Amino acid sequence: PIRKVIGEVTSKLSVESAIDIQLLTSIAQNLQTWYFGFDGADFMFGSVVDMIMGTPGAPKIFSVSYAVPEVVLGDFSIQLSNTALMKLGLGGYTLTVCAGDTGPVLDPNRCSLFNAEFPASSPYVTSVGGVSINKTSANAQAWMKGGGGFSTFFKQPPFQKQHVQAYLKQNVGMPPNPDGFRYNVLNRAHPDVAAISAYSKVAFNGNFWDVAGTSLAAPEFAALLGMINVYRYQNGLGALGAVNQALYSLENGIGHDIQEGTSYATSRFGCDNQYATGFQAVQGWDPVTGLGTPNFPTLLKGLGHIGSTNSTNTTTN
(Lines give C-alpha, C1' and ligand atoms only; values in the text may rest on other atoms or scores of the structure.)
Protein backbone atom coordinates (compact mmCIF):
# COMPACT_ATOMS: atom_id res chain seq x y z
CA PRO A 1 0.00 0.00 0.00
CA ILE A 2 0.95 3.63 -0.44
CA ARG A 3 2.03 5.08 2.91
CA LYS A 4 1.97 8.76 1.93
CA VAL A 5 1.11 10.97 -1.06
CA ILE A 6 3.12 14.13 -1.75
CA GLY A 7 2.63 16.78 -4.45
CA GLU A 8 0.16 16.89 -7.30
CA VAL A 9 -2.36 14.08 -7.63
CA THR A 10 -5.05 14.04 -10.29
CA SER A 11 -8.39 12.31 -9.79
CA LYS A 12 -7.16 9.46 -11.99
CA LEU A 13 -3.53 8.39 -11.89
CA SER A 14 -1.84 7.49 -15.18
CA VAL A 15 -0.92 4.00 -16.31
CA GLU A 16 2.73 4.98 -15.74
CA SER A 17 2.01 5.75 -12.08
CA ALA A 18 0.08 2.51 -11.70
CA ILE A 19 3.05 0.54 -13.07
CA ASP A 20 5.49 2.12 -10.61
CA ILE A 21 3.21 1.65 -7.62
CA GLN A 22 2.21 -1.94 -8.36
CA LEU A 23 5.69 -3.21 -9.18
CA LEU A 24 7.35 -1.49 -6.22
CA THR A 25 4.78 -2.72 -3.72
CA SER A 26 4.63 -6.27 -5.11
CA ILE A 27 8.42 -6.82 -5.16
CA ALA A 28 9.37 -4.94 -2.00
CA GLN A 29 6.23 -5.79 -0.04
CA ASN A 30 7.44 -4.76 3.40
CA LEU A 31 8.84 -1.37 2.44
CA GLN A 32 7.09 1.93 2.99
CA THR A 33 6.14 3.28 -0.45
CA TRP A 34 5.39 6.97 -1.00
CA TYR A 35 3.91 8.58 -4.10
CA PHE A 36 5.31 11.92 -5.28
CA GLY A 37 3.21 13.61 -7.95
CA PHE A 38 4.68 16.21 -10.31
CA ASP A 39 4.46 17.21 -13.95
CA GLY A 40 7.28 17.32 -16.48
CA ALA A 41 7.98 21.03 -16.03
CA ASP A 42 8.41 20.55 -12.29
CA PHE A 43 10.92 17.81 -12.84
CA MET A 44 12.95 19.60 -15.48
CA PHE A 45 13.41 22.70 -13.33
CA GLY A 46 14.25 20.94 -10.14
CA SER A 47 11.27 21.80 -7.95
CA VAL A 48 10.64 18.10 -7.41
CA VAL A 49 14.17 17.79 -6.01
CA ASP A 50 13.40 20.56 -3.54
CA MET A 51 10.14 18.76 -2.70
CA ILE A 52 11.94 15.48 -2.00
CA MET A 53 14.80 16.96 0.00
CA GLY A 54 12.42 19.19 1.93
CA THR A 55 10.12 16.34 3.00
CA PRO A 56 11.06 14.88 6.41
CA GLY A 57 11.40 11.11 6.36
CA ALA A 58 11.14 10.80 2.57
CA PRO A 59 12.31 7.47 1.08
CA LYS A 60 15.85 7.27 -0.23
CA ILE A 61 15.01 5.30 -3.40
CA PHE A 62 12.93 6.80 -6.22
CA SER A 63 11.71 5.29 -9.48
CA VAL A 64 11.13 7.74 -12.34
CA SER A 65 9.28 6.86 -15.55
CA TYR A 66 9.97 9.97 -17.58
CA ALA A 67 12.08 10.37 -20.73
CA VAL A 68 12.60 13.12 -23.29
CA PRO A 69 15.33 13.31 -25.97
CA GLU A 70 18.15 15.59 -24.88
CA VAL A 71 17.96 17.66 -28.04
CA VAL A 72 14.30 18.48 -27.40
CA LEU A 73 15.07 19.91 -23.96
CA GLY A 74 18.15 21.93 -24.81
CA ASP A 75 21.30 22.75 -22.86
CA PHE A 76 19.86 25.14 -20.26
CA SER A 77 17.08 22.86 -19.00
CA ILE A 78 19.31 19.80 -18.95
CA GLN A 79 22.17 21.45 -17.08
CA LEU A 80 19.81 22.97 -14.52
CA SER A 81 18.08 19.66 -13.94
CA ASN A 82 21.36 17.76 -13.82
CA THR A 83 22.61 20.00 -11.01
CA ALA A 84 19.45 19.19 -9.07
CA LEU A 85 19.99 15.46 -9.66
CA MET A 86 23.55 15.77 -8.39
CA LYS A 87 22.19 17.32 -5.18
CA LEU A 88 19.93 14.31 -4.69
CA GLY A 89 22.80 11.87 -5.06
CA LEU A 90 24.96 13.80 -2.61
CA GLY A 91 22.02 13.84 -0.22
CA GLY A 92 21.93 10.04 -0.13
CA TYR A 93 19.04 9.53 -2.57
CA THR A 94 19.01 7.01 -5.43
CA LEU A 95 17.03 7.54 -8.64
CA THR A 96 16.35 4.68 -11.04
CA VAL A 97 15.13 6.04 -14.37
CA CYS A 98 13.64 4.30 -17.39
CA ALA A 99 16.09 4.29 -20.32
CA GLY A 100 13.34 4.96 -22.88
CA ASP A 101 11.31 2.91 -25.33
CA THR A 102 12.62 4.05 -28.72
CA GLY A 103 16.08 2.49 -28.78
CA PRO A 104 18.93 4.98 -29.25
CA VAL A 105 16.32 7.57 -30.19
CA LEU A 106 16.74 9.34 -33.53
CA ASP A 107 17.53 13.05 -33.38
CA PRO A 108 14.34 14.74 -34.65
CA ASN A 109 16.38 17.53 -36.25
CA ARG A 110 18.87 15.24 -38.00
CA CYS A 111 17.27 11.85 -38.36
CA SER A 112 20.49 10.00 -39.18
CA LEU A 113 21.92 10.80 -35.73
CA PHE A 114 21.35 9.06 -32.41
CA ASN A 115 20.24 11.00 -29.36
CA ALA A 116 19.89 10.00 -25.70
CA GLU A 117 16.89 10.32 -23.40
CA PHE A 118 17.05 12.56 -20.33
CA PRO A 119 17.10 12.15 -17.34
CA ALA A 120 18.38 8.61 -18.03
CA SER A 121 21.48 10.15 -19.64
CA SER A 122 22.43 11.98 -16.44
CA PRO A 123 25.46 10.44 -14.72
CA TYR A 124 23.71 11.00 -11.37
CA VAL A 125 20.85 8.56 -11.98
CA THR A 126 20.79 4.83 -12.60
CA SER A 127 19.47 4.27 -16.10
CA VAL A 128 17.54 1.00 -16.43
CA GLY A 129 17.25 -0.63 -19.85
CA GLY A 130 14.99 -3.45 -20.90
CA VAL A 131 15.08 -7.18 -21.55
CA SER A 132 12.48 -9.64 -22.78
CA ILE A 133 12.38 -13.44 -22.72
CA ASN A 134 13.26 -15.28 -25.92
CA LYS A 135 10.41 -17.77 -26.37
CA THR A 136 12.65 -20.21 -28.25
CA SER A 137 15.69 -20.31 -25.97
CA ALA A 138 13.94 -19.13 -22.77
CA ASN A 139 16.93 -16.81 -22.28
CA ALA A 140 16.70 -13.14 -21.47
CA GLN A 141 17.55 -10.93 -24.42
CA ALA A 142 17.77 -7.21 -25.05
CA TRP A 143 14.33 -5.71 -25.56
CA MET A 144 14.31 -4.35 -29.09
CA LYS A 145 12.75 -1.01 -28.09
CA GLY A 146 14.95 -0.50 -25.04
CA GLY A 147 16.67 2.88 -24.82
CA GLY A 148 20.41 3.26 -24.59
CA GLY A 149 23.43 4.77 -26.26
CA PHE A 150 25.59 7.81 -25.63
CA SER A 151 24.72 11.28 -24.39
CA THR A 152 25.25 14.36 -26.53
CA PHE A 153 25.65 16.58 -23.44
CA PHE A 154 27.48 14.74 -20.67
CA LYS A 155 31.05 13.51 -20.64
CA GLN A 156 31.70 9.91 -19.71
CA PRO A 157 32.19 9.53 -15.94
CA PRO A 158 35.44 7.83 -14.91
CA PHE A 159 33.71 4.90 -13.21
CA GLN A 160 32.36 3.53 -16.49
CA LYS A 161 35.26 4.17 -18.85
CA GLN A 162 36.85 0.75 -18.38
CA HIS A 163 33.56 -1.00 -19.15
CA VAL A 164 32.84 1.13 -22.22
CA GLN A 165 36.36 0.60 -23.56
CA ALA A 166 35.93 -3.17 -23.19
CA TYR A 167 32.68 -2.92 -25.14
CA LEU A 168 34.27 -0.87 -27.92
CA LYS A 169 37.18 -3.30 -28.28
CA GLN A 170 34.75 -6.11 -29.09
CA ASN A 171 33.40 -4.10 -32.03
CA VAL A 172 30.39 -6.39 -32.32
CA GLY A 173 27.08 -5.20 -33.74
CA MET A 174 27.93 -1.51 -33.46
CA PRO A 175 25.92 0.79 -35.76
CA PRO A 176 27.93 2.64 -38.43
CA ASN A 177 29.41 5.82 -36.95
CA PRO A 178 31.30 7.75 -39.65
CA ASP A 179 33.88 10.07 -38.06
CA GLY A 180 32.13 9.66 -34.71
CA PHE A 181 29.41 12.01 -35.87
CA ARG A 182 26.38 9.76 -35.32
CA TYR A 183 27.08 9.13 -31.63
CA ASN A 184 29.95 10.06 -29.32
CA VAL A 185 31.48 7.06 -27.56
CA LEU A 186 33.46 9.38 -25.26
CA ASN A 187 30.27 10.65 -23.60
CA ARG A 188 28.09 9.28 -20.80
CA ALA A 189 26.94 5.80 -21.80
CA HIS A 190 23.67 4.24 -20.71
CA PRO A 191 21.80 2.20 -19.53
CA ASP A 192 23.66 1.15 -16.43
CA VAL A 193 21.57 -1.97 -15.76
CA ALA A 194 18.47 -3.68 -17.15
CA ALA A 195 15.34 -5.52 -16.03
CA ILE A 196 12.25 -7.13 -17.56
CA SER A 197 10.39 -4.73 -19.84
CA ALA A 198 8.10 -6.97 -21.85
CA TYR A 199 5.46 -8.03 -21.18
CA SER A 200 3.38 -7.56 -18.07
CA LYS A 201 -0.08 -6.60 -16.85
CA VAL A 202 -1.16 -3.72 -14.66
CA ALA A 203 -4.50 -3.08 -12.98
CA PHE A 204 -5.80 0.31 -14.06
CA ASN A 205 -9.19 1.96 -14.12
CA GLY A 206 -11.03 -1.28 -13.38
CA ASN A 207 -9.24 -3.42 -15.97
CA PHE A 208 -6.00 -5.30 -16.53
CA TRP A 209 -3.81 -3.68 -19.16
CA ASP A 210 -1.02 -5.28 -21.18
CA VAL A 211 2.05 -3.07 -20.73
CA ALA A 212 5.63 -3.03 -21.92
CA GLY A 213 8.52 -0.62 -21.63
CA THR A 214 11.45 0.35 -19.47
CA SER A 215 8.86 1.95 -17.19
CA LEU A 216 8.54 -1.62 -15.90
CA ALA A 217 12.28 -2.01 -15.46
CA ALA A 218 12.96 1.12 -13.40
CA PRO A 219 10.65 0.26 -10.46
CA GLU A 220 11.80 -3.38 -10.53
CA PHE A 221 15.39 -2.32 -9.93
CA ALA A 222 14.34 0.37 -7.46
CA ALA A 223 12.51 -2.21 -5.35
CA LEU A 224 15.67 -4.32 -5.04
CA LEU A 225 17.77 -1.31 -4.05
CA GLY A 226 15.14 -0.39 -1.47
CA MET A 227 15.46 -3.80 0.17
CA ILE A 228 19.26 -3.46 0.15
CA ASN A 229 18.96 -0.10 1.90
CA VAL A 230 16.92 -1.75 4.65
CA TYR A 231 19.65 -4.37 5.06
CA ARG A 232 22.24 -1.59 5.27
CA TYR A 233 20.25 0.28 7.93
CA GLN A 234 20.00 -2.92 9.97
CA ASN A 235 23.79 -3.19 9.84
CA GLY A 236 24.47 0.40 10.85
CA LEU A 237 25.18 1.74 7.35
CA GLY A 238 23.65 4.62 5.44
CA ALA A 239 21.63 4.67 2.23
CA LEU A 240 23.32 3.83 -1.07
CA GLY A 241 22.85 7.30 -2.55
CA ALA A 242 24.20 7.80 -6.07
CA VAL A 243 24.91 4.11 -6.67
CA ASN A 244 26.43 4.00 -10.16
CA GLN A 245 30.06 4.09 -9.10
CA ALA A 246 29.41 1.19 -6.74
CA LEU A 247 27.59 -0.85 -9.42
CA TYR A 248 30.46 -0.51 -11.88
CA SER A 249 33.01 -1.46 -9.20
CA LEU A 250 31.47 -4.81 -8.24
CA GLU A 251 33.95 -7.59 -8.93
CA ASN A 252 31.25 -10.24 -9.35
CA GLY A 253 28.85 -8.06 -11.31
CA ILE A 254 25.18 -7.57 -10.53
CA GLY A 255 23.80 -10.95 -11.64
CA HIS A 256 23.19 -11.92 -15.25
CA ASP A 257 25.17 -10.73 -18.26
CA ILE A 258 22.78 -10.42 -21.24
CA GLN A 259 24.42 -11.32 -24.56
CA GLU A 260 21.46 -11.72 -26.91
CA GLY A 261 19.32 -9.21 -28.77
CA THR A 262 19.56 -5.88 -30.57
CA SER A 263 17.86 -2.53 -30.13
CA TYR A 264 16.25 -0.50 -32.91
CA ALA A 265 16.21 3.27 -33.07
CA THR A 266 13.02 5.18 -33.79
CA SER A 267 11.86 8.71 -32.99
CA ARG A 268 9.23 10.23 -30.75
CA PHE A 269 9.40 13.63 -32.44
CA GLY A 270 9.67 13.82 -36.23
CA CYS A 271 11.54 11.33 -38.44
CA ASP A 272 8.20 9.69 -39.30
CA ASN A 273 8.41 6.01 -40.29
CA GLN A 274 12.19 6.01 -40.01
CA TYR A 275 14.15 3.53 -37.97
CA ALA A 276 17.67 2.19 -37.76
CA THR A 277 19.44 -0.77 -36.23
CA GLY A 278 20.71 0.19 -32.79
CA PHE A 279 23.17 -1.59 -30.52
CA GLN A 280 23.71 -5.28 -29.88
CA ALA A 281 23.94 -6.94 -26.49
CA VAL A 282 27.41 -8.44 -25.98
CA GLN A 283 29.59 -9.82 -23.20
CA GLY A 284 30.01 -7.30 -20.42
CA TRP A 285 28.51 -3.82 -20.44
CA ASP A 286 26.67 -2.74 -23.60
CA PRO A 287 24.40 0.21 -24.60
CA VAL A 288 21.25 -1.95 -24.53
CA THR A 289 21.33 -3.88 -21.25
CA GLY A 290 24.13 -2.11 -19.37
CA LEU A 291 25.83 -4.34 -16.80
CA GLY A 292 23.00 -6.86 -17.16
CA THR A 293 20.02 -7.87 -15.06
CA PRO A 294 20.11 -8.26 -11.27
CA ASN A 295 20.29 -11.39 -9.20
CA PHE A 296 19.23 -10.22 -5.75
CA PRO A 297 21.62 -12.33 -3.63
CA THR A 298 24.54 -11.21 -5.84
CA LEU A 299 23.45 -7.58 -5.69
CA LEU A 300 22.93 -7.74 -1.93
CA LYS A 301 26.36 -9.28 -1.39
CA GLY A 302 27.96 -6.58 -3.52
CA LEU A 303 26.12 -3.53 -2.18
CA GLY A 304 25.04 -4.61 1.28
CA HIS A 305 28.29 -3.58 2.96
CA ILE A 306 29.92 -1.37 0.36
CA GLY A 307 31.52 1.66 1.93
CA SER A 308 32.09 -0.15 5.24
CA THR A 309 35.32 -1.55 6.69
CA ASN A 310 34.00 -5.06 6.00
CA SER A 311 33.71 -4.49 2.24
CA THR A 312 36.26 -5.46 -0.37
CA ASN A 313 34.56 -3.14 -2.88
CA THR A 314 34.82 0.39 -1.51
CA THR A 315 33.52 3.58 -3.03
CA THR A 316 32.58 7.14 -2.13
CA ASN A 317 29.07 8.18 -3.05
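Tabulated data
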item	result
Cα-centre dipole for the chain with unit charges at Cβ (Lys and Arg positive, Asp and Glu negative), debye to 20	520 debye
Ranked order, Tyr231, Tyr248 - accessible area, probe 1.4 Å, largest first	Tyr231, Tyr248
For the chain, the longest site-free run once trypsin sites (Lys or Arg not before Pro) in DSSP loop states with at most 10 other Cβ atoms within 10 Å are removed	136-317
Order of exposure, largest accessible area first, which applies to Tyr167, Tyr233 with probe 1.4 Å	Tyr233, Tyr167
Spherically averaged projected area in nm², based on the convex hull that wraps the Cα atoms of the chain	16.0 nm²
Positive-end residue, the chain charge dipole about Cα centroid, Cβ charges, pick of Ser26, Thr214, Gly261	Ser26
Computed accessible area, His163, all protein chains, 1.4 angstrom probe, square angstrom	50 Å²
Probe 1.4 Å, all protein chains present, accessible-area order of Asp257, Asp192, Asp50, largest first	Asp50, Asp257, Asp192
Accessible area per residue in Å² at 1.4 Å probe, computed on the range 182-232	35 Å²
Beta bridges by DSSP in the chain, antiparallel share as percent, to the nearest 5	55 percent
Surface share of carbon and sulfur [accessible, 1.4 angstrom probe, percent] for the chain	52 percent
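The values are calculated or read from the model by the stated rules, or taken from the named source; none is laboratory data. Small disclaimer: the values here were computed from a predicted structure and weren't measured. Here the Cβ is made from the backbone with ideal geometry for all residues, glycine too, and neighbour counts use every protein chain on show. Side chains included, ligands, DNA and RNA excluded: accessible areas come from the protein's heavy atoms. Shrake-Rupley method; radii C 1.70, N 1.55, O 1.52, S 1.80 Å.
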